[in-house]
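S.K.: Right, I'll just put the structure down here and ask away after.
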Amino acid sequence: MKHISRISAQTWLDHMRRGRGQRQTCYAMYSSIVDAITTDPAAMVVPVDDHLVHRGDGVFESMKCIEGAIYNVDSHLERLDKACAATGIDCPYSREDLLETISQTIHAGGRRDCLIRVLLSRGTGTMSVDPSLCKRPELYVIVYPFPDRRLRKERFPARVGISRVPMKPPFFATIKSCNYLPNVLMKAEAIERDLDFVVALDSRGNLGDGATESFAVDTTDKRLLAPPNDRVLVGTTLQRTMALAAKLVESGDLKAAEYREVTPFDAQTASEMLVIGTTRDVLPVCEFEGRKVGNGQPGPIYKKLLSLLRSDMSSNESVRYLVYKQDVNTHDDHA
């Protein structure tokens, strides 16, 4: 029978470093348990008795830092507040404290372009399901790289299908909780079916959201439609994109931009279909359920919305929370 060693904490960390290999998947992490930031991937851990680990009992937000500024951070933190209220997790941090912690963690990672994951757990202290036995909520902030294609600014027309994974009931679908098993299964299904994304259908058979993405369609009568927020997770980038789409309504490129039930038929007959999300920005869909969308090529609404969104990210100071001053030296973003 194999003998399993009992080792010291330092030896444990040494073994963690060897076991993880050389690839650094995260730049920096803050943990409220130690109230400090580490850049050592082996130390970027969450205790096993944290409800986040063994019950998925926590909420989170994913946001991005672009050219030294966090984009749309207020919308993300407002959604975090709503998730805390819905799950009964009492966030002990003010908005200012959260922003300062996030900023310092980004600085520790040393990149002007990065993704940020903010996790708020029920806390440690028990392996049971009883939330009242947890000591206190814990905060974890992780700073990590953009996908390689995002750094290279590559765009690709996406192939999308309807998911076999049941959509979460509205109460759970509208909370950004850490219970992401359905989302993981959706991504696995997309890979299995050689698709870029799959989209779930709600109980009425209408389009919901994807594993981590929102969807919208441009109908043949030039109406940009996105699923209503009472049955899907409110997408912060989708909200921003729909707000920017008002400019296309003013210019006559669109007749309307509104939240309304979107049927699979709407997607199949649309002039354009879009995938929208924090890490994706806006992507065109060339194929839905094996059928070509529009002419199968990126369309004019996609191009104009992407341009508006990119301009918003880089120059709209009302939605940019500055983390880095222009004269701060950082690592190369591709490191």
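Residue-by-condition table, conditions (1) touching a Leu at 6+ places or on another chain (Cβ under 6 Å); (2) crowded, with 21+ Cβ neighbours inside 10 Å:
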position	(1), (2)
ARG164	no, no
PRO182	no, no
ALA188	no, no
VAL199	yes, yes
SER203	no, no
LEU207	no, yes
SER214	yes, yes
ASP221	no, no
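S.K.: Another question, if that's okay. Return the residues of the range 42-71 that are surrounded by fewer than 18 Cβ atoms within 10 Å (Cβ to Cβ) and of a type in the set (Asp, Glu); say none if nothing qualifies.
M.R.: Scanning the range 42-71 gives ASP49, GLU67.
S.K.: Within the range 164-213, track down each residue that is of a type in the set (D, E, K, R) and under 19 Å from GLY277 (Cβ atoms). Quick ask: steps written out before the conclusion?
M.R.: Step one: of the range 164-213, the residues of a type in the set (D, E, K, R) are 164, 168, 176, 187, 189, 192-194, 196, 202, 204, 209, 213.
The answer is LYS168, LYS176, LYS187, GLU189, ASP196, ASP202, ASP209, GLU213.
S.K.: Residue pairs, Cβ under 8 Å, 6 or more apart or interchain, first in the range 261-285 and free of Cβ contacts under 8 Å to residues at least 40 places away in the same chain and of a type in the set (Gly, Ala, Ser), second crowded, with 23+ Cβ neighbours inside 10 Å and outside any loop (DSSP other than H, G, I, E, B). List them.
M.R.: none
S.K.: Can you tell which of ASP230, ASP266 is acidic (Asp, Glu), within 30 Å of LYS82 (Cα to Cα) and not in a strand (DSSP E or B)?
M.R.: Working: ASP266 fails: within 30 Å of LYS82 (Cα to Cα).
It is ASP230.
S.K.: Restricting the search to the range 27-52, which residues are of a type in the set (A, V, I, L, M), in contact (Cβ under 8 Å) with a residue 24 or more places away in the chain and out of contact with any helix residue (DSSP H, G or I) (no Cβ under 9 Å at 6 or more places or on another chain)?
M.R.: ILE33, MET44, LEU52
Readers should treat all values here as calculations from the given coordinates under stated rules, not as data from a laboratory. Since this is a predicted model, take the numbers as computed values, not measurements. Quick reminder, even Gly has a Cβ in these numbers, built from the backbone with ideal geometry, and neighbours come from all protein chains shown.
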